[in-house]
Each structure stands twice: as structure tokens, then as C-alpha cells.
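Dropping the structure in here first, questions after.
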Amino acid sequence: MSNAAHKEPVAVVGIGQTKHVAARRDVSLAGLVREAARRALDDAELTWADIDAVVIGKAPDFFEGVMMPELYLADALGAVGKPVLRVHTAGSVGGSTALVATNLVAARVHRTVLTLAFEKQSESNAMWGLSLPIPFQQPLLAGAGGFFAPHVRAYMRRTGAPATVGSLVAYKDRRNALKNPYAHLHEEDITLEKVQSSPMLWDPIRYSETCPSSDGACAMVLTDRAGAARAPRPAAWVHGGAMRSEPTLFAGKDFVSPQAGKDCAADVYRQAGLTDPRRQIDAVEMYVPFSWYEPMWLENLGFAEEGEGWKLTEAGVTALDGDLPVNPSGGVLSTNPIGASGMLRFAEAALQVRGQAGAHQVDGARRALGHAYGGGSQFFAMWLVGADSPAA
């Protein structure tokens with residue numbers, strides 16, 4: 001008998017997020033997370049009393065200067081006297097947090113779990129938080145873009161991808177964001193020419209090819225089969241989920257296509273019974289903080305052969321009306337509350353298979369992949385959700 005036969009099927013029955021903006025001056029951290037949590041509870045038509053445990057995640061505490069905020073956020077999340085778990089895996093934390101919550105239900109530790117991730121970047125400076133001073137780091141870069149730009153260059157050199165591919169991704173995702181009322185960046189006048197003429201920040205990454213700094217939170221209610229039967233709206237069922245990690249640096253590390261990412265995706269597909277993800281998955285919410293990572297992850301996740309990812313982007317395959325829509329919500333390129341960015345990918349994938357993505361809904365989506373990565377391309381979290389319940 002397989003391990004899957006021993007697991008409780010897990011369903012997403014409630015999803016909530018804030019309107020993501022550069023600065024939410026009107027709320028505290030507690031107000032921000034409660035807003036997303038209440039929306040998820042309302043979607044599931046549940047109350048705080050129905051929640052057995054809370055799993056919360058965010059990026060490093062020094063990004064905001066509030067240490068272990070989960071301790072004081074318990075009150076705002078109706079979690080006084082209930083188990084609260086804090087998860088942290090750098091930028092992939094939103095995905096990892098959702099998976100920890102999923103496993104609590106799958107293992108029958110709890111029946112209904114609220115999971116939530118957030119960031120209030122306006123009260124911090126993440127770029128300089130990531131730029132450690134001497135002697136902790138050599139003074140060669142500023143922020144995440146400085147770290148990842150050489151890896152993008154390596155991809156271009158390895159594949160022969162033309163320099164315009166990054167701008168195509170950014171233009172696509174920013175246009176998709178216009179269909180998502182919760183997205184941070186709504187650039188009504190966006191054009192491909194504007195993207196291509198924006199200032200160069202970290203060669204070859206331009207200003208319009210980078211993610212914004214956002215305040216925002218995302219929450220989901222996960223429950224068992226019995227809870228899903230009582231839900232007022234269609235559920236998204238978790239068909240597979242996995243985390244993988246590898247060191248920041250080691251002999252033979254491939255920064256362009258990390259082994260941990262390949263292994264994580266392969267595990268998720270195995271759990272979900274997929275043999276041809278390119279054909280069997282209807283939508284992908286992929287963690288793309290810098291536009292070039294779309295073609296890079298298309299290869300890493302098995303949607304394209306090595307060296308072929310950029311051709312899918314260039315051919316329009318990843319467009320909202322394409323054969324494999326990637327980031328129909330606008331993605332991280334349009335909304336980036338770091339701690340919540342991974343959970344937004346998971347939640348948006350769930351919205352797709354529930355048929356509740358609104359104007360950015362992919363027609364007929366039955367299976368969707370949520371993907372997150374963090375650190376120096378070293379932490380990975382993914383789940384595959386579907387409209388159909390796993391076999392009893």
C-alpha cells in the first residue's frame with residue numbers, strides 16, 4: 001500500500017489576500033495579517049473557532065526589525081490557546097508555510113488549519129538588508145538583483161537566448177496584473193518599448209524587469225475531506241507537495257538550474273501521478289522576481305528541455321491565452337510582499353482550479369502548479385493542486 005493511502009486528502013477551501021501596495025500606513029502588522037485571514041475565513045464561511053491551528057511564515061525578521069512577530073500576532077489571528085507554528089525558508093517561505101500546514105492536515109494532526117504569510121516592506125529596506133557589510137560579505141553587489149544577474153548572464157551564454165526575452169516576460173506579467181485587482185503594480189500605459197528602455201539596474205536586468213517592494217499578506221484555510229464536503233464553494237485539492245534545499249555554494253552547484261529545484265518538481269509530479277507536466281498542467285504560478293527566471297524555471301521544472309525555455313516565452317506559450325499560461329496573476333514581477341510571495345503563487349494556483357481567479361482565470365484549468373524559491377537559488381517549495389478530489 002502506498003504512503004498516499006495513509007494520508008488524509010487536503011483541500012483548500014478558503015483564500016484571502018490584501019490589496020498589495022507599496023505602503024499600508026493604515027494598518028500595523030497585526031492589522032495586515034488579520035485582513036487576509038478574515039477574507040480567507042469568509043471565503044470558507046468559517047469562524048476563528050473552526051480553526052485548530054495556525055501556521056505562519058515571513059522573510060527574515062531583520063527585514064522589518066520586529067523579532068519573532070508571530071508571538072504577538074497570535075491575538076490578531078484568533079490563535080490564543082491554539083498551536084502556532086512559524087516557518088522560515090527565505091524567499092520560498094510562503095510556499096513552505098503552506099506545505100507545513102498541508103502536512104498537519106494530511107497527517108491528521110489537525111482537521112482545519114489557517115496558514116498565512118506576510119511582509120510589510122515599507123517598514124524595512126530589504127535590498128540593504130540583503131547587502132551585508134564587510135566583513136560578512138564582499139562589497140560586490142547590492143540586493144538580490146546583484147546576486148542573480150550573473151546567473152542570468154550564465155543562462156544567456158549557455159542557451160544563446162536573445163537579450164529581449166526578459167522584456168517579453170515583464171511585459172506579459174505586467175499586463176496580466178491589470179486583470180488582478182489585488183496586484184501591486186497596475187501600469188495601464190505599459191508597452192514593450194517602455195520595458196526595453198527602462199534603466200539598467202544589474203546588467204542584464206532592467207528596472208521594469210524586477211519585482212517591486214510590497215506590503216501585503218495572503219492566507220488560506222486547509223481542511224480534510226469532511227471539511228471540504230461542508231465547504232460552500234469548490235475546493236482545490238492538493239495532489240502533491242514537496243520541499244527541497246541545497247547549500248548556497250558547493251562544488252558543482254548549477255546556479256542556472258539547481259538540482260534541488262529539479263528534484264522538488266520531480267517529487268511533486270510523482271505524487272500527483274503526472275508523466276508529462278507540459279501537457280498535463282493547465283496553469284503555472286511561478287516565482288519569478290526577475291523576468292529572466294521564467295525561461296530558466298521552465299527548464300528547471302521540466303516544462304522545456306535544457307536551452308529551450310526561452311523559446312516557449314518568445315513563442316507566446318506562457319501568455320494568458322497560451323498553451324501553458326505562466327503567472328496569469330501578474331506574478332512576483334507585479335506583487336512582492338517577500339514573505340507572502342510564495343504563498344501567493346500557491347493560492348493563485350488554487351484559485352485557478354477553483355475557477356475563482358476572475359479576469360485572469362485560465363479557461364478550463366483543472367491542474368495548476370504553485371512554485372516558490374528562496375535564498376541563493378537553494379530553497380524550493382512546490383505544490384500541484386487540482387479541481388478533482390484524490391481517489392478515496
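The values are calculated or read from the model by the stated rules, or taken from the named source; none is laboratory data. In this text, all values refer to a predicted model and were calculated from it rather than measured experimentally. Don't worry about glycine lacking a Cβ; one is built from the backbone with ideal geometry, like all the others, and counts go over all protein chains shown. The area values use the complete protein model at the heavy-atom level, side chains included, leaving out ligands, DNA and RNA. Shrake-Rupley method; radii C 1.70, N 1.55, O 1.52, S 1.80 Å.
Yes or no, residue by residue, for (1) open to solvent by 10 Å² or more (accessible area, probe 1.4 Å); (2) among the β-branched types (Val, Ile, Thr); (3) touching a Pro at 6+ places or on another chain (Cβ under 9 Å):
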site: 263; (1), (2), (3): yes, no, no
site: 270; (1), (2), (3): yes, no, no
site: 273; (1), (2), (3): yes, no, no
site: 277; (1), (2), (3): yes, no, no
site: 287; (1), (2), (3): yes, no, no
site: 301; (1), (2), (3): no, no, yes
site: 308; (1), (2), (3): yes, no, yes
site: 311; (1), (2), (3): yes, no, yes
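Turning to a different aspect of this structure: Going through region 141-162 one residue at a time, which ones are outside any helix (DSSP H, G or I) and surrounded by 15 or more Cβ atoms within 10 Å (Cβ to Cβ)? Please lay out each step first, then the result.
Narrowing region 141-162 to residues outside any helix (DSSP H, G or I): 141-142, 160-162.
Listed by number, the residues that qualify are 141, 161.
Then there is this: Checking the structure you have, find out if any residue of region 251-267 is of a type in the set (A, V, I, L, M) and in a strand (DSSP E or B).
So in region 251-267, the residues of a type in the set (A, V, I, L, M) come out as 251, 256, 260, 265-266.
Subset that is in a strand (DSSP E or B): none.
No, the conditions are met nowhere in region 251-267.
Now for a different question. What number of residues within region 381-392 satisfy the criterion of being farther than 13 Å from residue 11 by Cα and surrounded by 20 or more Cβ atoms within 10 Å (Cβ to Cβ)?
2
If residue 11 satisfies all but one of (1) farther than 21 Å from residue 182 by Cβ; (2) modelled with pLDDT under 95; (3) among the hydrophobic types (A, V, I, L, M, F, W, C), what's the number of the condition it fails?
(2)
How many of the residues making up region 219-255 are closer than 21 Å to residue 89 by Cβ and either aliphatic (A, V, I, L, M) or open to solvent by 50 Å² or more (accessible area, probe 1.4 Å) (or both)?
Applying the first criterion (closer than 21 Å to residue 89 by Cβ) to region 219-255 yields 219-220, 222, 238, 240-250, 253-255.
After this cut, where a residue has to be either aliphatic (A, V, I, L, M) or open to solvent by 50 Å² or more (accessible area, probe 1.4 Å) (or both) as well, the list is 219-220, 222, 238, 242-245, 247-250.
Adding up the residues that qualify gives 12.
Determine whether residue 251 is over 19 Å from the mean Cα position of the chain (by Cα) and either farther than 30 Å from residue 282 by Cβ or of a type in the set (Lys, Arg) (or both). Give the derivation first.
Details: over 19 Å from the mean Cα position of the chain (by Cα): yes; either farther than 30 Å from residue 282 by Cβ or of a type in the set (Lys, Arg) (or both): yes.
For residue 251, the condition - over 19 Å from the mean Cα position of the chain (by Cα) and either farther than 30 Å from residue 282 by Cβ or of a type in the set (Lys, Arg) (or both) - is met.
Give the residue, chosen from 86, 24, that is part of a loop (DSSP other than H, G, I, E, B) and in contact (Cβ under 8 Å) with a residue 12 or more places away in the chain. Spell out how you get there, then give the answer.
Details: 86 fails: part of a loop (DSSP other than H, G, I, E, B).
Residue meeting the stated conditions: 24.
When region 348-380 is examined, which residues are found to be surrounded by fewer than 24 Cβ atoms within 10 Å (Cβ to Cβ) and in contact with a Phe, Trp or Tyr (Cβ under 8 Å, 6 or more places away or on another chain)?
The answer is 376, and nothing else.
Kindly indicate the residue of region 52-68 that is crowded, with 20+ Cβ neighbours inside 10 Å and in a loop (DSSP other than H, G, I, E, B) and also modelled with the lowest pLDDT among those meeting that condition.
Filtering region 52-68 for residues that are crowded, with 20+ Cβ neighbours inside 10 Å and in a loop (DSSP other than H, G, I, E, B), the one modelled with the lowest pLDDT comes out as 64.
In this structure, is residue 49 open to solvent by less than 10 Å² (accessible area, probe 1.4 Å) and closer than 17 Å to residue 227 by Cβ? Explain how you work it out, then say what you get.
Numbers: open to solvent by less than 10 Å² (accessible area, probe 1.4 Å): no; closer than 17 Å to residue 227 by Cβ: yes.
Spelling it out, it is not the case that residue 49 is open to solvent by less than 10 Å² (accessible area, probe 1.4 Å) and closer than 17 Å to residue 227 by Cβ.
Now, a different point. Only residues that are open to solvent by less than 40 Å² (accessible area, probe 1.4 Å), in contact with a helix residue (DSSP H, G or I) (Cβ under 7 Å, 6 or more places away or on another chain) and in a loop (DSSP other than H, G, I, E, B): list them for region 167-214, please.
180, 183, 185, 190, 198, 204, 214
Moving to a separate point now. Output the residues belonging to region 27-46 that are part of a helix (DSSP H, G or I) and open to solvent by less than 60 Å² (accessible area, probe 1.4 Å). Before the answer, list the steps.
Kept after step one, since they are part of a helix (DSSP H, G or I), are these residues of region 27-46: 29-44.
The answer is 29, 30, 31, 32, 33, 35, 36, 37, 40, 41, 43, 44.
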